[in-house]
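The values are calculated or read from the model by the stated rules, or taken from the named source; none is laboratory data. If you're wondering where the values come from, they're calculated on a predicted model, not measured in any experiment. We place every Cβ from the backbone using ideal geometry, glycine too, and count neighbours over all the protein chains shown. To get the accessible areas, we keep the full protein, side chains included, count just its heavy atoms, and leave off ligands, DNA and RNA. Shrake-Rupley method; radii C 1.70, N 1.55, O 1.52, S 1.80 Å.
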Amino acid sequence: MKHEPLMIDSAKEGKEANAGQGWALPSPAEEARIFGLAKRRAARTVVLQTLSRAWFRVWLVVGLGSLLWLGLFALFREGFHFLIFAIPYTDLVQQTIQYVFGTFFLTLGLMLILSSALMMHGSLFHGKDTQFLLTLPVHAERIFLDKYMDAVFLSSWAFVMLGSPLLLAYAVEVRAPWYHYWLLLPYLVSFVYIPTAIGGLVSLLLAMFFPRSKTLLWTVGIVLGFIVAVVVGRWVLSLPHATGAFSLEWLQRTFDRLSITQFRFLPSWWLSSGLLASAEQNWQDGVLFLSVLLANALLLNYVIGRIAAGFYREAYWRVASGLGNRKVGKKGWVDSVILNVLPGLSDPARQLVLKDVRLFRRDPVQWTQILIFIGLLVFYFVNIRRLYDEQFFVAWVNIISFLNLAVIVLLLSTFTTRFIFPLISLEGPRFWVLGLMPIPRSTIVWSKLWFALTLCLVPTCALVAISDLMLGVSPEVHLHHQYATVLAGVGLCSIAVGLGARFPMFKVASPSQIAAGFGGTVNLILSTAYNVVIIGLAGLPIHIRAIVENTIFLPSVSASVPINRFTETWLSTGPAWAAVIAVFTTSICLSLGLRFFSQLEEPIVSPAARIFGNRVAGRRSS
């Protein structure tokens, strides 16, 4: 108690000394300049390194992306051409396109809110650079805005990639004026700021008020998801049937159900209304709606900055203090299934599979993306029967069921490239432990394969089954689809695990960087080619035979299918050849991976050597 006045006086003197020396944080403008310079230099370094080390991948991505963009542009332009000539009234055409744009951009806006919330939560509260940035003499809102701008950039290019072909196709079809094209990019970028800001605000508030209440968050999320599913389900069931499609009555009922997309306070309505106005040579309204979007984007940018100034640092410490309060040693039913049910695995392999499963479910960024994707596909499959036309029902079911199968299998190839291929490379920090275990290295590879099969086969087969059940296909078609799905899943998992063991990148910690390397590019190309072969041999013959036999429904298509010896051989022996190719591909990829990984002489570095350097290693060797 006697030293308390002295301590207070010393603290006051320290503050006065600091104030006299001018120890103040940089101004917001100076912070923005410094962070912007660092971002530009980092981006320049990444671009130069990518062009020098992975130029083939860059040109491959550019080429495939260009083909995808051109395909979407041609598809959208053909759709607008059909709408303009199928609907006889000009006002009704404009109203239809208004609803199409409103629904499209409202859906993308909701997806941007969810994706930006997940992205910013991971970068703000779990990023490896965030701890370092919080030790710097900068304002907390600058760190938050830096991560926010990263999310805006990542969202902008994807949004422009999806939205630009739609808008350009409409502009070309209606012969929009020249200034309309100059307004497209500002409209899209201004729109992206709004849902990204909302997602960042949601992430910050959840971290602030619910940093540890995972049970409460799960309960609220499940309840809200159930309510949304019920509401959306009732809305879809009330949609008009496709009978008499594009009649005036059908269009009016559809407009009534989509009237929520025309709410005047929605940013998607501002975007669609402004672009449609400028395309109709009404540049005053086009600039007006762009000003409204830009003003709201700047306002939200300022609001989240001020909120982050008061809450971000405290929210970060709340989340960080709650990370250690995890329950350990609790075994769930999934763990029991892995340890007791999986056949043909040794005990070490089961433990390795269980380790991968636990790491996967502890990473919400990965499993939330998968759940959202699967949920969207299930929603589409459940409601797909409301979109058919009764006149060509058999042909429609035949084509749509095959397209659903092809889409699921092709998307599985991207999933295995992104999540399965990096599995072995991500063992780099733990490789010194795995290398010292009394098990052969092949056990590690086989455990990765079993984990991949468990993770991939169950949801893909279930999605194909839901699609076929909702479409009401015959049991023969259903069996052919499951057969093709199993062959594709086993082959894709084997390719990803085998090439992942053949081209490991132990020094890279990011799964996206591992998947973007040379091995990931080779894996994506080989997986796509394998899918085309499997779908053509195992999935397509049953549909070609259905087209040939049902000449009443599609006589022109059936007449164009040549029936010769090659066609008969393909239709009869295609599934058997698909199994042969699957076994051959699986054996080659796994044998290459097992041979290379077993002979790999990767230095086993312990944590002590990482911390204290080579002295520890030298003493142990001596």
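Annotations for the structure displayed:
- Only one of Phe125, Phe101 that is under 23 Å from the mean Cα position of the chain (by Cα), closer than 21 Å to Ser272 by Cα and crowded, with 20+ Cβ neighbours inside 10 Å: Phe101
- Leu154 meets each of the listed conditions (1) touching a residue at least 40 places away in the same chain (Cβ under 8 Å); (2) surrounded by fewer than 22 Cβ atoms within 10 Å (Cβ to Cβ) apart from (1).
- Flag for Gly593 being open to solvent by less than 30 Å² (accessible area, probe 1.4 Å) and modelled with pLDDT under 50: no
- Residue match in the range 6-21 (condition: among the aliphatic types (A, V, I, L, M), open to solvent by 100 Å² or more (accessible area, probe 1.4 Å) and either at pLDDT below 70 or within 37 Å of the chain's Cα centre (by Cα) (or both)): yes
- Ala496 vs. criteria under 23 Å from the mean Cα position of the chain (by Cα) and either more than 12 Å from Phe402 (Cα to Cα) or open to solvent by less than 10 Å² (accessible area, probe 1.4 Å) (or both): yes
- Those residues of the range 444-459 which are open to solvent by less than 10 Å² (accessible area, probe 1.4 Å) and either on the phi > 0 side of the Ramachandran plot or of a type in the set (S, T, N, Q) (or both), in sequence order: Ser447
- Of all residues in the range 50-88 being surrounded by 11 or more Cβ atoms within 10 Å (Cβ to Cβ), among the aromatic types (Phe, Trp, Tyr) and modelled with pLDDT of 75 or more, the one that is farthest from Thr521 (Cα to Cα): Phe82
- Residue that is nearest to Arg545 (Cα to Cα) [pool: residues in the range 473-487 that are crowded, with 16+ Cβ neighbours inside 10 Å and among the aliphatic types (A, V, I, L, M)]: Val477
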